[in-house]
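This report refers to the structure that appears directly beneath it.
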Amino acid sequence: MIALVAGFLLVAYLLAPGAIYRLTFSFYISSKRFQRTRTEEIVFSVLVTVIPFLLTWILLDHTPLGGYPAIHSSIGKREAYRSILSSLLSDNTHGSPALITAYLRAAAEQSRFIAILWLLCAVEGWVTGRVIRRYGDYSDGSFLRAFCDRFLLKNVSEWQILFTTLSLRSDDPRTVVEIDALSTLNVLYRGRLVNWFTDQDGKLAGIFLINAQRFRRDQIARDRASNIFKENEKYWTPVPGSNLYLAAANLANYNIRYVEPSDIEFVEQELGSGVVITPLTPESAEDDASAIE
């Protein structure tokens with residue numbers, strides 16, 4: 001019986017609140033994924049549960065909220081807990097009507113406490129996610145910037161920081177992430193990053209690129225041998241297909257760039273690549289300007 005009660009308390013007050021915190025936190029930003037030991041999982045849950053636990057205790061013990069909903073029982077709260085503790089230490093009162101009444105009263109009290117605790121853990125994860133999401137907007141030396149650097153970002157996937165605009169100001173949402181990746185076969189690719197995948201230990205498994213291009217090294221080598229010199233941009237050729245997946249095991253290194261797309265690219269990004277955009281001729285643009293005047 002002691003093991004059953006201990007297991008309930010461990011799940012209800014530590015493991016479940018930690019899982020609820022990570023769930024609501026992940027609505028805004030990906031948390032770091034790695035295989036925790038049971039001890040590490042408990043320590044993490046303790047840290048994220050301390051503040052919600054204290055707030056729940058204050059709300060139920062020092063505000064009128066502690067009386068709602070009203071619990072009608074023939075036994076008081078403290079008496080019920082004393083009876084349960086005595087039953088756990090001794091087998092003499094198992095199955096007695098008084099003990100059953102004590103367990104029912106304690107279950108009602110615990111249900112109220114756990115409901116508020118879990119709600120506050122969800123709110124904590126949601127607020128923390130929002131704070132980290134605006135990390136790039138905090139000025140150097142500010143409290144929120146230092147708090148994120150010292151504590152909050154330790155639970156954020158490093159790939160979330162590298163492969164998104166999290167560290168940049170959110171004034172212009174058009175900024176995108178582009179990757180220059182060199183494979184182990186000495187082939188250079190580039191493209192716009194749209195997604196990435198990690199394994200259960202949080203290590204990078206692969207990346208997805210759109211508008212991918214491959215650099216023709218063989219062609220530039222032949223041109224250089226023939227004393228033909230062109231701009232490097234001329235040697236980039238599109239990779240067939242809409243998406244290019246690169247496995248991390250096949251990447252020697254990669255460069256990450258944060259760029260703002262052109263106006264036409266931004267319209268396609270918002271409305272879809274199937275939209276036909278017809279640029280105005282200089283004469284048409286002048287006629288439109290004169291019409292507006």
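Quick one: dipole size for the range 142-255, taken about the Cα centre, charges +1 on Lys/Arg Cβ and -1 on Asp/Glu Cβ, in debye to the nearest 20. Working shown, then result.
Details: 15 positive and 12 negative charges, 47 e Å.
Its charge dipole is roughly 220 debye.
In nm, to one decimal, how far is the modelled label at ALA19 from the one at GLU233, with both set 7 Å along Cα→Cβ?
5.3
Could you give the nm distance between label points at ARG222 and GLU79, where each point is 7 Å from its Cα heading toward the beta carbon?
According to this spin-label approximation, the distance is 9.6 nm.
R0 = 41 Å: FRET efficiency of ALA6 with ASP149, Cβ-based, nearest 0.05?
Here the calculated transfer efficiency is 0.65.
Using the Karplus curve 6.51 cos²θ - 1.76 cosθ + 1.60 with θ = phi - 60°, what ³J(HN,Hα) values do you get for each residue of the range 59-66, in whole Hz, with x for Gly and Pro?
Values, residue by residue: 5, 7, 9, 10, 9, x, 4, x Hz.
Between ASP140 and GLN200, what FRET efficiency follows from the Cβ-Cβ distance if R0 is 35 Å, with the result rounded to 0.05? Don't skip to the end; give the middle numbers.
Working: r = 35 Å, r/R0 = 1.01.
It comes to 0.50.
Under a point spin-label approximation (7 Å from Cα along Cα-to-Cβ), what is the ARG38-SER86 distance to one decimal in nm?
Roughly 3.3 nm, to one decimal.
Does a label point 7 Å from the Cα of ILE256, set along Cα-to-beta-carbon, have any residues of the range 189-214 with amide nitrogen under 17 Å, and which are they?
Under cut-off, by backbone N: 190-199, 202-210.
Could you run the Karplus curve 6.51 cos²θ - 1.76 cosθ + 1.60 with θ = phi - 60° over the range 220-226 and give me ³J(HN,Hα) per residue in whole Hz, x for Gly and Pro?
Whole-Hz 3J(HN,Hα) from phi for the range 220-226: 5, 5, 5, 5, 5, 5, 9.
What percentage of the solvent-accessible surface of the range 115-162, computed with a 1.4 Å probe over protein heavy atoms, is contributed by carbon and sulfur atoms? Please list the in-between numbers first.
Values: 1730 of 2700 Å².
Answer for the range 115-162 is 64 percent, counting heavy atoms of protein chains only.
Under the 0.36 nm per residue contour assumption, what length would be gained going from the current alpha-carbon distance of ALA107 and ARG174 to full extension? Write out the running numbers ahead of the final one.
Values: separation 67, 0.36 × 67 = 24.12 nm, distance 5.22 nm.
Extra length available between ALA107 and ARG174 comes to 18.9 nm.
The values are calculated or read from the model by the stated rules, or taken from the named source; none is laboratory data. Keep in mind that what you see is a predicted model, and the values were worked out from it rather than measured. Note that we place each Cβ from the backbone using ideal geometry, even for glycine, and neighbour counts take in every protein chain shown. The area values use the complete protein model at the heavy-atom level, side chains included, leaving out ligands, DNA and RNA. Shrake-Rupley method; radii C 1.70, N 1.55, O 1.52, S 1.80 Å.
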